[in-house]
Amino acid sequence: MWFRRDLRLQDNTALFQALRQNERVFGVFILDDAILKARDMGAARAAFLFRSLAVLSAEFDKLGGQLILRRGGPPERELRALAAETGASALFFNTDYTPYSTECDERVTAAMDALGVDVNAFDDALLVPPQGVVDPRDGRPFQTFTPFKRVWETQERVGKRLDTKPFTAHFKTEARLPSVPVPAVEDYGLTLTQNIFPAGEAAGQESLSGFVAGGLDRYADNRDNTADGGSTSVLSVHLKFGTLSVRDCWREAVRLGGRGAAKWQDELAWRDFFNTLLWHHPSMLKKAIQPALAALRFDQNDEYWESWKTGTTGYPYVDAGMRQMLATGWMHNRTRQVVASFLVKDLLLDWRLGAEFYMQELVDGDWAANYGGWQWTAGTAPDPNGNYRVFNPVAQQRRYDPNLTYCRRWIPELDTRDYPRPIVDHASASAEFIRRFQKAYGPRRER
Ligand SMILES: Cc1cc2nc3c(=O)[nH]c(=O)nc-3n(C[C@H](O)[C@H](O)[C@H](O)COP(=O)(O)OP(=O)(O)OC[C@H]3O[C@@H](n4cnc5c(N)ncnc54)[C@H](O)[C@@H]3O)c2cc1C
């Protein structure tokens, strides 16, 4: 069983099938240099991954099995070697949908085919796999959420939880195969400065139960309340690494029912939407989804860039969001939007710079959700209501953090002279952005 972004034993489709169909199952995780040494890798994300691997490996040990770690890559090379060492007859894994992973799956499948190893790939990471959610009229992928969701809903079929417990004897092995230790972030030249969430499957389940007991029913009305640390589930990192099954989230929402749960289910659908969008548009990691907006002109300004990155723009709501991320690796969705909008529409800097910085700092940094979120906020994606939308950072704070509770939590010097004055004037900076946007995109139009 090749683990990837599914670092759990329960309700794991490929693992369940591997255990059900085979007498003896080894786990393997490949510490792939192409991902771990990439520019956009950050300490928070790497640390969460390594800690989750340590938890998973300990679970294997308890069951008398082994999670084999191999370092380097590419995955097809490591898996080819391992197939020879184990004499494995089959490889099981859950498909991943990013451009890199899709290519990787193809190479692994070809390598296993050549060795006569049976390949068993499953859809697991999303509620509905991306291939099928297309416009039934012309078979084309959707570019906007509402029509996507209409078709997506008809395909959502979350079934019973897949319980691996009856099969855990199949993990047992006498043989121990060569395996590298779980690395430290320093092994990859990274330094962890953030206080990140507890990792591993049990932590994911605990966070889900906590949210279902204490926040889900209020979610529809409270989700933008940045002052309240429990306004959203804070499960994104568990969903990113699969230390929690998205189907467990869905089943809990269905069980609880009501407005809060329904709104939350919508967010899980957005997660599928962005993954599906990336699957159909791999170039969205580099280019504006709307071709006209490739011509949008940005500035270069090191001073602005530094102020944005360090949370010292003089706009408290922007700075509080940034500092929350710098301290914890997680930022509230409301401020993720305001901070991103500020970079593009107030500082006139390229959204790609910001997207890469988020990837480096976020513990839940995810190519689909992050680049989707950035393109939507920058106005470079097809958005029926929002291309011209500019977040006013002051109005946003008044609305979503009226007592400055969130701002004061993350900016201790807010009420002192040490806190900087605003580095730009919002009204004139955003007017300049709109001018440039109009030039690239044409006048505001109804779609
Ligand atoms: C500029 C920008 C960048 C973002 N980068 C990321 C990222 O790298 N990784 C990431 O997981 N999310 C990202 N998001 C989406 C969203 O902000 C986070 O998923 C959310 O804040 C996580 O908090 P939560 O778990 O409490 O979410 P909840 O509100 O409890 O939602 C439940 C789950 O639904 C999913 N979800 C919620 N909103 C979105 C959304 N807009 N898009 C996709 N999935 C969503 C997440 O998996 C989340 O855990 C980004 C949003 C923006 C605007």
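Here are the numbers:
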| item | result |
| --- | --- |
| Hits in region 172-201 (condition: open to solvent by 50 Å² or more (accessible area, probe 1.4 Å) and assigned to a helix (DSSP H, G or I)) | Glu186, Asp187 |
| Check on Asp118, touching a strand residue (DSSP E or B) at 6+ places or on another chain (Cβ under 6 Å) and surrounded by fewer than 18 Cβ atoms within 10 Å (Cβ to Cβ) | yes |
| Residue check, Gly204 open to solvent by less than 50 Å² (accessible area, probe 1.4 Å), in contact with a His (Cβ under 9 Å, 6 or more places away or on another chain) and either touching a residue at least 60 places away in the same chain (Cβ under 8 Å) or part of a loop (DSSP other than H, G, I, E, B) (or both) | yes |
| Any hit, region 243-256, residues being at pLDDT below 95, among the β-branched types (Val, Ile, Thr), open to solvent by 10 Å² or more (accessible area, probe 1.4 Å) and more than 17 Å from the chain's Cα centre (by Cα) | no |
| Filtered residue count, region 142-155, keeping only those that are open to solvent by less than 50 Å² (accessible area, probe 1.4 Å) and in contact (Cβ under 8 Å) with a residue 40 or more places away in the chain | 6 |
| Given (1) within 29 Å of Asp401 (Cα to Cα); (2) polar (S, T, N, Q); (3) within 14 Å of the ligand (Cβ to nearest atom), index of the condition Thr193 fails | (3) |
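This table checks each residue for (1) open to solvent by less than 10 Å² (accessible area, probe 1.4 Å); (2) modelled with pLDDT under 95.
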position	(1), (2)
Arg334	no, no
Gln337	no, no
Ala340	yes, no
Lys345	yes, no
Glu356	no, no
Met359	yes, no
Asp366	no, no
Tyr371	no, no
Ala378	yes, yes
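The values are calculated or read from the model by the stated rules, or taken from the named source; none is laboratory data. Bear in mind that the values here come from a model prediction, so they are computed numbers and not experimental data. Neighbour counts run over all protein chains shown; Cβ positions are idealised from the backbone, glycine included. Note: accessible area is taken over every heavy atom of the protein model, side chains too, but ligands, DNA and RNA are not part of it. Shrake-Rupley method; radii C 1.70, N 1.55, O 1.52, S 1.80 Å.
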